[in-house]
Amino acid sequence: MRNILAIFKRELSGYFDAPLAYIVIPVFLSLVGGFSLFFQDILADGLASMRTVFFWSAVSLLLLIPAITMRLFAEEHRTGSIELLTTFPVTEAEMVLGKYLAALTLISLALFLTGTYPLTLAQLGALEIGPVFGGYLGLFLLAGSFAAIGTAASAMTRNQVVAFLVAMMVCLIPFVSGYALAKVPTPLLPLIQTLSFDYHFNNLERGVIDSRNVVYYGTVIALFLHISVFALVRRRLD
């Protein structure tokens, strides 16, 4: 735990010592605000609902999280600093968890700053607490899944651009598949629904806190963090 905390602090401070955090958070808030307030005005229909904000938050996370995670290991592989890090008494699993938790903390901070939307909407109408809680839980789990996928992509390559593109594609396919369910053959529908990020996110967004949706995201996170560890171990043994 001490090693994980040390790596976490090192990585998180790196986000704020460099311009990354000061770019990603404002860009995220600008995208969510621009699309929710101007492109698709949440105040125009007079309903107190966070569904539009949650949708554009999810899309923005899809675009920005690969940019956050692409440097986690790819940059250290490129510069050779990963070899120095492995000389310390720290395991690959501790490195992965420390870096992953730092990225997730930065993302969580960005999500926290969208709290002004439910506070404002609650003043304008009867905002249901259940869907708001479920929506934020869904966003956090979705962000955790995206970050785990990005961590694995970064662990498998030395090139940040490649890590970004791989993470984007792997995140994009299960995300957009939820919008094509009407065209999926009936025998395949249960499988595509089960694998779809959007399907599980929509369930949580409605305020339905079903353990199956939570377990799904937890499984995705655990799977890709294990892939990250495996990729680091393989590189060390090569």
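The values are calculated or read from the model by the stated rules, or taken from the named source; none is laboratory data. Treat the numbers as computed from the prediction; the structure is a model and nothing was measured. Note that we place each Cβ from the backbone using ideal geometry, even for glycine, and neighbour counts take in every protein chain shown.
In the range 204-216, what residues are closer than 24 Å to Pro118 by Cα and either in contact (Cβ under 8 Å) with a residue 12 or more places away in the chain or within 16 Å of the chain's Cα centre (by Cα) (or both)?
Answer for the range 204-216, where residues must be closer than 24 Å to Pro118 by Cα and either in contact (Cβ under 8 Å) with a residue 12 or more places away in the chain or within 16 Å of the chain's Cα centre (by Cα) (or both): Leu204, Glu205, Arg206, Gly207, Val208, Ile209, Asn213, Val214.
If you check Glu75 against the conditions, is it out of contact with any Cys (no Cβ under 8 Å at 6 or more places or on another chain), modelled with pLDDT under 75, over 26 Å from Met168 (Cβ atoms) and assigned to a helix (DSSP H, G or I)?
no
Within the range 115-132, identify whether any single residue is crowded, with 22+ Cβ neighbours inside 10 Å, under 18 Å from Ile209 (Cβ atoms) and at pLDDT below 95, and answer yes or no.
Yes - at least one qualifying residue is present in the range 115-132.
Hey, any hits in the range 134-142 for a residue that's in contact with a Ser or Thr (Cβ under 6 Å, 6 or more places away or on another chain), surrounded by 16 or more Cβ atoms within 10 Å (Cβ to Cβ) and over 18 Å from Ala21 (Cβ atoms)?
There is at least one residue in the range 134-142 that is in contact with a Ser or Thr (Cβ under 6 Å, 6 or more places away or on another chain), surrounded by 16 or more Cβ atoms within 10 Å (Cβ to Cβ) and over 18 Å from Ala21 (Cβ atoms).
So for the range 146-160 (the condition being free of Cβ contacts under 8 Å to residues at least 40 places away in the same chain, assigned to a helix (DSSP H, G or I) and surrounded by fewer than 22 Cβ atoms within 10 Å (Cβ to Cβ)), does at least one residue qualify?
no
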